[in-house]
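K.L.:
I have a structure here, written as structure tokens, and I will follow up with some questions on it.
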Amino acid sequence: MNRQVLQDANRPRGQRSRSARGFTLIELIFVLLITLIMTGMAVPLLNSTMTAYRLRGATASVTGSIQATRYQAIFNGYPFRLVIDSTARTYQVQSDQARTGVFTNYCVPAAASCAVPLAGSGTKVTLGANTTFTFSPGGTVQSTTAVGGVTTMVLTYGGKTENITVSSYGNIKVTP
């Protein structure tokens, strides 16, 4: 063994050299206790933040799909429809290329159905109701749930709610 360590072991505790000192058990317990308290405070904050981000992600998915479908109708010059299914938590884009009022699923590449999850398959966001938006090439919007030309959708996740309001001209407003 090292001579310094042997010499320090024979000295009283207060006189030992700096290299032979360590932490006492009480000091370690206090550090662990403080760490546990800080972790206990951080977990609820982290859960609340994750809930808010998931709800915002679902809101961004819905508003983005509304805007994108409206732009498709304007760009292509024929009506498009956005069907939002509250039970399956998906949306489906449809088009009416022949302008006959008969909408078919608009999928790339062509498929019978290409429903898109609202915000990832793991997020259980609740929608207030099924809603179908119909977009004209002129940019106006009609909806199956519109009241006075305005459609309001309610998204809920983890006790938090956001309202998406869509006007008949395609203006979107999100309120918590």
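K.L.:
Whether any residue in region 48-58 is within 23 Å of ASN171 (Cβ to Cβ) and of a type in the set (Gly, Ala, Ser) is what I want to check. Give the steps one after another, and end with the answer.
P.N.:
Looking only at region 48-58, we keep the residues that are within 23 Å of ASN171 (Cβ to Cβ), and these are 55-58.
Applying the additional criterion that residues be of a type in the set (Gly, Ala, Ser) yields 57-58.
Within region 48-58, one or more residues are within 23 Å of ASN171 (Cβ to Cβ) and of a type in the set (Gly, Ala, Ser).
K.L.:
Just to verify a result, which residue in region 61-84, among those that are in a helix (DSSP H, G or I) and of a type in the set (Ser, Thr, Tyr), is surrounded by the most Cβ atoms within 10 Å (Cβ to Cβ)?
P.N.:
Residues of region 61-84 in a helix (DSSP H, G or I): 61-76.
Next, only the ones that are of a type in the set (Ser, Thr, Tyr) stay: 61, 63, 65, 69, 71.
Details: SER61: 20, THR63: 17, SER65: 18, THR69: 24, TYR71: 14.
Result: THR69.
K.L.:
Just wondering, is there one or more residues in region 158-176 that are closer than 17 Å to PHE103 by Cβ, surrounded by fewer than 15 Cβ atoms within 10 Å (Cβ to Cβ), polar (S, T, N, Q) and more than 15 Å from the chain's Cα centre (by Cα)? Explain how you work it out, then say what you get.
P.N.:
Filtering region 158-176 down to residues closer than 17 Å to PHE103 by Cβ leaves none.
Within region 158-176, not a single residue is closer than 17 Å to PHE103 by Cβ, surrounded by fewer than 15 Cβ atoms within 10 Å (Cβ to Cβ), polar (S, T, N, Q) and more than 15 Å from the chain's Cα centre (by Cα).
K.L.:
Quick one: GLY120 ticks every box in (1) closer than 30 Å to GLY158 by Cβ; (2) touching a strand residue (DSSP E or B) at 6+ places or on another chain (Cβ under 9 Å); (3) modelled with pLDDT under 90 bar one, so which box is it?
P.N.:
It fails just one condition, (2).
K.L.:
Report the residue count in region 85-106 for those that are within 25 Å of THR59 (Cα to Cα) and crowded, with 16+ Cβ neighbours inside 10 Å. First the steps, then the outcome.
P.N.:
First pass over region 85-106, keeping only residues within 25 Å of THR59 (Cα to Cα): 85-95, 105-106.
So of that shortlist, the ones also crowded, with 16+ Cβ neighbours inside 10 Å come out as 86, 89-95, 105-106.
Going through region 85-106 one residue at a time, the tally reaches 10.
K.L.:
Can you work out which of the residues in region 140-157 that are under 19 Å from ARG89 (Cβ atoms) and aliphatic (A, V, I, L, M) is nearest to the chain's Cα centre (by Cα)? Working first, answer last.
P.N.:
So in region 140-157, the residues under 19 Å from ARG89 (Cβ atoms) come out as 143-145, 151-157.
Narrowing the set further to residues that are aliphatic (A, V, I, L, M) leaves 153-155.
Details: MET153: 16, VAL154: 15, LEU155: 11 Å.
Filtering region 140-157 for residues that are under 19 Å from ARG89 (Cβ atoms) and aliphatic (A, V, I, L, M), the one nearest to the chain's Cα centre (by Cα) comes out as LEU155.
K.L.:
Of all residues in region 128-155, count the ones that are in a strand (DSSP E or B), free of Cβ contacts under 8 Å to residues at least 60 places away in the same chain and surrounded by 13 or more Cβ atoms within 10 Å (Cβ to Cβ). Full working, then the answer.
P.N.:
Keep residues of region 128-155 that are in a strand (DSSP E or B), which gives 131-135, 141-143, 147, 150-155.
Imposing the further condition that a residue be free of Cβ contacts under 8 Å to residues at least 60 places away in the same chain reduces the set to 131-132, 134, 142-143, 147, 150-152, 154.
Then keep just the ones that are surrounded by 13 or more Cβ atoms within 10 Å (Cβ to Cβ); that gives 131-132, 134, 142-143, 150-152, 154.
Count: 9.
The values are calculated or read from the model by the stated rules, or taken from the named source; none is laboratory data. From a predicted model like this one, the values you see are computed outputs, not experimental measurements. All Cβ positions, even for glycine, are placed from backbone atoms using ideal geometry, and neighbour counts span all protein chains on display.
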